[in-house]
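Since the structure comes first, as structure tokens, the remarks are kept for the end.
Derivation of every value follows stated rules applied to the coordinates shown; laboratory data play no part. A quick note: this is a predicted structure, and the numbers were derived from the prediction, not measured. Backbone-built Cβ (ideal geometry, glycine too); neighbour counts: all protein chains shown.
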Amino acid sequence: MRVKICGITNLQDALDAIDAGVNALGFVFYEKSPRYIDPFEARQIVDLLPPFVQSVGLFVNESSKHINDICKVSNMQLAQIIDDENNTDFDNLNIKYIEVVRAKSKKDLEQLNKNSYYLIDAFVEEFGGAGKRVALEWFDNVDCSKFILAGGLTSANLKELKDYNFFAVDVSSGVEKSKGKKDKEKMKEFIKSANGK
């Protein structure tokens with residue numbers, strides 16, 4: 001299973017995540033987050049990433065222009081967008097994107113376009129990194145092959161996902177020693193578990 005580690009704030013954590021076998025690194029461009037990173041600082045990290053490790057920028061209720069500008073400055077390859085307030089005009093984005101669905105019930109999953117990929121997170125009042133899990137039974141009898149699951153994941157509970165065929169998993173607080181600082185061993189364990197080892 002593919003793994004994205006979100007909330008990267010420094011080069012060492014990025015390198016440790018890559019060493020552990022991560023597929024994508026997430027950079028939070030939401031200023032109220034404890035994991036926020038300045039776009040120019042993110043660029044300095046991204047410029048040192050090896051090939052085949054994707055850079056993903058996380059945005060919350062931002063305009064298309066803002067997302068385009070920040071992604072250009074920071075050299076993001078993908079925008080991960082929470083758009084609860086309908087601020088984003090997706091047709092005007094210059095970058096590939098994935099929408100975040102902050103699920104409140106199974107119905108939120110059933111209404112999605114079957115041809116698109118989505119990141120599914122648990123609904124919480126704050127945005128991201130709260131460690132709250134989506135109820136797994138909501139995914140029963142649902143095709144999860146285009147879903148990236150986020151929220152409350154750790155190496156210990158990944159095995160519960162094995163029958164659901166998620167495209168990928170996204171983790172932030174589950175591999176941290178403190179907010180915005182990753183734990184090298186937790187990242188290794190998480191990716192090992194995601195790969196069924």
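The figures follow:
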read-out	value
Residue-averaged 222 nm ellipticity for the chain, from DSSP H runs of 4+ at -39500 (n - 2.57), nearest 500	-6500 deg cm²/dmol
Cβ-based exposure ranking for Phe40, Phe190, Phe139, in which fewest neighbours within 10 Å come first	Phe40, Phe139, Phe190
FRET efficiency for Lys181 and Phe40, using Cβ-Cβ distance with R0 set to 22 Å, rounded to 0.05	0.65
Whole-Å distance, taken between Cα centres, linking segment 146-165 and segment 98-112	16 Å
Likely footprinting exposure, Ile95, Ile37, fewest C-beta neighbours within 10 Å first	Ile95, Ile37
For Cα extents along the principal axes in Å, calculated from these coordinates, the label among (1) 43, 39, 30; (2) 81, 43, 38; (3) 50, 48, 27	(1)
Nearest-0.05 FRET efficiency for Lys197 and Lys132, computed from C-beta distance (R0 41 Å)	0.95
Ranked list, fewest to most other Cβ atoms within 10 Å of each Cβ, for Cys6, Cys71, Cys144	Cys144, Cys6, Cys71
Set of aspartates and glutamates near Lys179 by C-alpha distance (under 15 Å), chain-local residues within fewer than 8 positions excluded	Asp13, Glu31, Glu126
Among Glu176, Glu62, Glu160: highest mean-square fluctuation, GNM of the chain, C-alpha pairs under 10 Å	Glu160
For the chain, share of DSSP beta bridges that run antiparallel, in % to the nearest 5	5 percent
Partner lysines for Lys162 [C-alpha distance under 18 Å; skip if fewer than 8 residues away on the same chain]	Lys4, Lys146, Lys192, Lys197
